[in-house]
Amino acid sequence: MAELIMIVDDEPGVRALVNDTLRIAGFETVEATDGMSALTLLRTHKPALLVIDINMPLMDGFELVERLRSTGDLTPVLMLTAREDKADITRGLKIGADDYVVKPFGIEELILRIKAILRRSTKNVDVPTLLTCGPISIDDDQHLVTFNGDEVDLSPTEYRLLQILIEKKGRVLSKNLLLDEVWGITFESESTVVDTYISYLRKKLHRDGFEGIKTIRGVGFQIQEPK
């Protein structure tokens, strides 16, 4: 059965482009013209992912994502931004979006990013079901992360990034490798999304003396067992 994607954008031309692109790629779609309409549709539809424009009347994309996350709705979100404003991008990721695409975007990039989000939001049968690093444990059967036994709430992207780091703990992982493994970006990119998500993981997991997520300047990142 084809996965359902909800497109939330007030511009008819953008909605039509995204809708046609997704249907050609094999997805089902449903459209909303603004955030309020999207919330109404979500009462009867359960999409696998939402494509949400930032600039909309009545309720913008930021407020829509904030409302969803505040109710515990963790449906993956790809945000569309009309300009590569780092403040917009950082705010979107911080409130719980999984990735972003800058308008005007290429349809191939859009599909790649959507498939990457869906891939990292789905359980990976090739990953060991139990992973540990010091006080951190990942139980992939339950999609559960704990720190000294206490549950840690992570977004799908944070979870996948932590999973990759612990799978390969002790190894220095380049930014390009992480972009490929977590975001599905297989080309050279100046994106700061890896740095942003590393900072999110540190805020949630660097406590009680644990500071295991390291930056290796000019090379990448690694997670280390406590000494």
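Overview of results
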| quantity | calculated |
| --- | --- |
| Residue check for residue 27: among the hydrophobic types (A, V, I, L, M, F, W, C), under 22 Å from residue 1 (Cβ atoms) and either surrounded by 14 or more Cβ atoms within 10 Å (Cβ to Cβ) or assigned by TED's automatic domain parsing to the domain that holds residue 104 (or both) | yes |
| Some residue of segment 192-203 being exposed (fewer than 14 other Cβ atoms within 10 Å of the Cβ), assigned to a loop (DSSP other than H, G, I, E, B) and modelled with pLDDT of 90 or more | no |
| Those residues of segment 74-120 which are in a loop (DSSP other than H, G, I, E, B) and under 15 Å from residue 157 (Cα atoms), in sequence order | 74, 75, 76, 95, 96, 97, 98 |
| Hey, residue 144 touching a Gly at 6+ places or on another chain (Cβ under 8 Å) and either of a type outside the set (Gly, Ala, Ser) or touching a residue at least 24 places away in the same chain (Cβ under 8 Å) (or both) or not | no |
| Residue that is farthest from residue 79 (Cα to Cα) [pool: residues in segment 1-52 that are free of Cβ contacts under 8 Å to residues at least 12 places away in the same chain and not in a helix (DSSP H, G or I)] | 1 |
| Meets criteria (touching a Pro at 6+ places or on another chain (Cβ under 8 Å), modelled with pLDDT under 85 and surrounded by 17 or more Cβ atoms within 10 Å (Cβ to Cβ)) for residue 121 | yes |
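The values are calculated or read from the model by the stated rules, or taken from the named source; none is laboratory data. All values reported here derive from a predicted model rather than from experimental measurement. Virtual Cβ from ideal backbone geometry, glycine too; neighbours counted across all protein chains shown.
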